[in-house]
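Contents: one structure, followed by commentary.
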Amino acid sequence: MSTIIKVEKITKKFVKSLDKTAKFINYFGGSYKEEVVHAVDHVSFDVKSGEVVGVVGESGCGKSTLGRMIAGIMPLTKGSISFKDKHYVGYLNDKYQQDHSIDLKIQMIFQDPFSSLNPRKKVIDIISEAPIHHQLITKQEKKSFVAEMLNKVGLNIDAMERYPHQFSGGQRQRVGIARALAVSPEVVVCDESVAALDVSIQAQIINLFLDLRKNMNLTYLFISHDMGVIEHIADRIIVMYLGQIVEISTTEQVINQTNHPYTKALLSGVPTLDTKKKLYEPIKGEIPSPLNPPSGCYFHPRCKFATDKCKVEKPILKEIASNHFSACHLND
Amino acid sequence: MKPILEIENLKTYFFKKEGVVKAVDDISFHINPGEIVGLVGESGSGKTITGFSILGLIDSPGKIVSGNIRFKDMDLQKITPQQMQDIRGNRIAMIFQDPMMTLNPVLRIQTQMIETVKAHNKNISDQDAYTICRDTLGLVGISSPDERMKAYPHQFSGGMRQRVSIAIALLNKPDLIIADEPTTALDVTIQGQVIFEMQKLCKESGTSLLWVTHDLAVVAGITDRICVMYAGRIIEQGATDKIINDPVHPYTQGLIKSVPSKNKKGEKLHQIDGMVPSMFSLPKGCAFEQRCYLRAEQCKEVQPAETKHADGRLYRCLKVGEHS
């Protein structure tokens, strides 16, 4: 399998710049500093063609930022992303470049089916807008094209004359999927695409994703906080914590030979359909503020195996078994 | 054992311009002292309205049309608003889904907590009220409660805020807590922590708990009994291990089978086709009929009554008995 997306050391910094008062005080020797959040910090990985890569982590770990950068809708601060060995977005020879011819090849499906569709447009216009603009279809073909797309995502053809508010959450998500697929992408970034749906509808949409993958030969980057969903759909899993990858491997290895203490905590925290009255033994503490991350390993204040080394030295991502990477000092 | 809460044939309807929404339609269940009961259903199934009905929080155009809600020896339908006020937040407490909405953003935590204590105990001194609040805050796992008492809600993270609302619910040592999706807005590791605290606190104080959620997996591990709701009705209720391991109602079966961990990895998930019918135009017969694999002609016409299974659980389905 060939590599379709290669992500190299990408970083996204959000800076809250100083207001005028602070600048003024600084001018007279004040010490106000800009607040900097490293939403994504030196992340590298690659995605093979036809693969489903799952990204898990809790809120604020940078998984959505990562997805948006890969989809090309958010500029990078550092690093570069290439698509099929061709530079796509980021820094090439110290110059920021984005190759817009590749934009269409990577599409995104969002979490909230209520706010991601324009409420004043009919479904036919929502789905056909991008392909017409990019001259993939002509205006005359619009109707038959939309009918075909709706058919693909399991919606009735008469849906095209309706507005988004006339649909339920699951149906709206199908419209969002049809819109993303309308420009025939090769990679689809799904950002929490099933999180807002009811359980019985969630299964329908996951099945649709699996079908589309087979029929259209898609590659997915599947972002979710739900380990159960990721475990089911993904071939490989990336676990993120505070903007960094802590573990990355095949699904089997992450689930069965879990290495990083954070992944273990994530897995054990997932409620399962097990009726044995279990007493939850949660990990302690909260996710630290990304404005002010802890020293050393970001996870050490919550980790029960933490040593003195963890407090000072940041662990790097190392290969601990074939294709199994983990960033933890305990492996040394 | 006499149940602490008993609901009989409760019907809560909303009278809207577009028609009558039967949000809760003829449900009956009970909670024993010290018991944890799960109320599970998809959005719009009426689980939240059930909780609101118990506490008398139904506003116009909604109305409790008929049915009894008995709490200990009181009929909550017949008592005066003043008596209801004494029960609410005191004997029955409620925890809501969104901790951002339940705490007042412009008041310090201590103001909000002491207010709750004083509302139900007029004679308590400020100092005593403060001590109770601080101790309860420590109980739910908030470190250095003395400092945190002075903080404002925005200074807390989501998980901490939910702990504060749990602490407020616990302040007057209620007999029953209604928790409406208390962990849905939280991260996985924080959800684990909150479930752990709630479990521990209920066990220690013998408080009964009604856990309202859409997530079967959350209630599977902690509840004694489960009620599954669909379109305003409880379609199956019974002991947790029976419901989870051997569901009889086609909807419960479908729900459990569609959980990813019950399916083979990478293969298609079991799915329930179709979607929940509009609450404005519920069919004459069983509301699940359109999506059911057991459906027959009679399901379209007859509303299934609550039937008792051989093992004691209750279900609403005409076809189940014929197959087992």
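Derivation of every value follows stated rules applied to the coordinates shown; laboratory data play no part. All figures in this text were calculated on a predicted structure; none of them were measured in a lab. Don't worry about glycine lacking a Cβ; one is built from the backbone with ideal geometry, like all the others, and counts go over all protein chains shown.
Here are a few things to note about the model shown:
- Shape category assigned to chain B from the gyration tensor of Cα positions, a/c cut at 1.5: prolate
- Magnitude of the charge dipole for region B:132-254, about its Cα centre and with charges confined to Cβ atoms of Lys, Arg (+1) and Asp, Glu (-1), is about 260 debye.
- Reciprocal of mean inverse Cα separation for region B:1-94 (Kirkwood radius, Å): 13.9
- Prolate/oblate/rounded call for region A:242-332, Cα gyration tensor, a/c under 1.5 rounded: oblate
- For the segment A:226-238, counting C-beta atoms of other chains within 10 Å of every residue's C-beta and taking the mean gives 3.
- Taking region A:216-249 and a reference point 7 angstrom along Cα→Cβ of residue A:321, the backbone N atoms nearer than 12 Å belong to A:249.
- Trypsin sites (Lys or Arg not before Pro) within region A:145-189: DSSP coil, no more than 16 neighbouring Cβ in 10 Å: A:162
- For region B:62-168: relative contact order, % (alpha-carbon pairs under 8 angstrom, 6 or more apart): 30
- Ranked A:157, A:223, criterion: other C-beta atoms within 10 Å, fewest first: A:157, A:223
- Debye intensity ratio I(q)/I(0), log10, region B:223-324, q values 0.10, 0.12 Å⁻¹ (C-alpha model): -0.28, -0.40
- Rounded to whole Å, sorted largest first: equivalent-ellipsoid semi-axes of region B:49-148, Cα gyration tensor: 30, 17, 12
- Sparsely packed loop sites in region B:1-88 (the GluC sites (Glu not before Pro) outside DSSP H, G, I, E and B with at most 15 other Cβ atoms within 10 Å) comprise B:18.
- Label sites at residue A:23 and residue B:124, each approximated as a point 7 angstrom past Cα along Cα to Cβ, lie 5.2 nm apart.
- Three-way shape label, region B:119-240, alpha-carbon gyration tensor, a/c 1.5: prolate
- Cut-off 12 Å between beta-carbons: net charge of the residues surrounding residue A:327, Lys and Arg +1, Asp and Glu -1: -3
- Ranked A:218, B:314, B:57, criterion: other C-beta atoms within 10 Å, fewest first: B:57, B:314, A:218
- The length gained on full extension between residue B:66 and residue B:43, counted as 0.36 nm times the residue separation minus their Cα-Cα distance, comes to 6.0 nm.
- Both radii were evaluated on the Cα set of region A:94-165; the Rg over Rh quotient, with Rh as the Kirkwood radius, amounts to 1.04.
- Counting Cβ atoms of other protein chains within 10 Å of each Cβ in A:201-210 and taking the mean gives 5.
- When A:283, B:7 are sorted by how many other C-beta atoms sit within 10 angstrom of their C-beta, beginning with the fewest, the order is A:283, B:7.
- Against the empirical 2.2 N^0.38 Å (N residues), chain A has a Cα radius of gyration ratio of 1.09.
- Each Cα pair under 8 Å and six or more residues apart adds its separation to the average, and for region B:182-303 the resulting relative contact order is 14 percent.
- Sparsely packed loop sites in region A:1-109 (the GluC sites (Glu not before Pro) outside DSSP H, G, I, E and B with at most 16 other Cβ atoms within 10 Å) comprise A:34.
- For the protein assembly as shown, fraction of C-alpha pairs farther apart than 47 Å, in %: 22
- When you restrict to C-alpha pairs under 8 Å that are six or more residues apart and normalise by the size of chain B, the relative contact order lands at 20 percent.
- Dividing the Cα radius of gyration of region B:1-55 by 2.2 N^0.38 Å, with N the residue count, gives 1.27.
- For region A:16-121, convex hull volume per residue from C-alpha positions, Å³: 197
- Alpha-carbon geometry of region A:1-66: the Rg and the Dmax are 18.5, 60 Å, given in that order.
- Here region B:149-206 yields Rg over Rh of 0.96, to two decimals, using C-alpha coordinates and the Kirkwood radius.
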